[in-house]
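A short worksheet on the structure shown next.
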Amino acid sequence: MLLVGSAAYIWSHFAGASPADEANVRTYICAETGKSFTHRLVIGEREPIVSPFTNRNTGWRAEACYWTKDGRAKKKPTWVLVKQRMGQEGQTFCPDCDREVTPHNALPPRELMDAAE
């Protein structure tokens, strides 16, 4: 029994995150500071979540924009706070490429992503 308990402890502490654990880590943006941060989802939690920058509920789920201003794709996204997420009306545009960003924002086509830097 001790051997099984020890093996479980070692596995849980040193095996790394499971795919499910990784899927529960999301990027958020603080509506007050505009800074992005990652957060592990907690059961029962609702947006806005507590932002590490304000220590208040000013964190909203961010959308990734993988476009550049010149129409190419990029590997590292710009994180954008979409107005609709906060219950506001109107369009949201990426500050880097000026394209509209929507909830569940689509990726650029695969060939552009494959060529992205």
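Every number in this text was worked out from the coordinates using simple rules, so none of it is lab data. In this text the structure is predicted, and so the values were computed from the model without any measurement. As a convention, Cβ positions derive from the backbone with ideal geometry for all residues, glycine included, and neighbour counts pool all protein chains shown.
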#### Entry: Length-normalised contact order of segment 28-115 in % [C-alpha pairs under 8 Å, at least 6 apart]
23
### Computed [θ] at 222 nm, helices only, for the chain once each DSSP H run of length n ≥ 4 contributes -39500 (n - 2.57)
-5500 deg cm²/dmol
### Message
Just want the ordering: Arg110, Arg72, from fewest to most Cβ atoms lying within 10 Å of their own Cβ.
### Response
Arg110, Arg72
### Query
Dividing the Cα convex hull volume of segment 28-115 by residue count, how many Å³ per residue is that?
105
## Note on the structure
Quick calc, the chain, dipole around Cα centre from Cβ unit charges on Lys, Arg (+) and Asp, Glu (-), nearest 20 debye, gives 160
### Query
Glu100 to Asn55: extension gain in nm, 0.36 nm per residue of separation minus the Cα-Cα distance?
13.2 nm
### Summary
The long-range amide H neighbours of Arg99, using H built 1.01 Å from N in the peptide plane and a cut-off of under 5 Å, are Cys94
### Task
Find which of Tyr66, Ala23, Ile49 sits farthest along the positive direction of the dipole of the chain, computed with +1 on the beta-carbon of Lys and Arg, -1 on that of Asp and Glu, about the Cα centre.
Ile49
### Task
Mind putting a number on the dipole of segment 40-83 about its Cα centre? Charges go on the C-beta only, +1 for Lys and Arg and -1 for Asp and Glu, and I need it in Debye to the nearest 20.
200
### Query
Within a Cβ distance under 13 Å of Ala73, other residues only, what is the Lys/Arg minus Asp/Glu net charge?
+2
### Query
Looking at Gly34, Cys97, Met86, which one has the Cα that reaches farthest to the positive end of the dipole of segment 28-115 (charges on Cβ: Lys, Arg +1; Asp, Glu -1)?
Gly34
### Task
May I ask for the net charge around Glu45, where only other residues with Cβ less than 13 Å from the Cβ of Glu45 are counted and Lys, Arg are +1 while Asp, Glu are -1?
+3
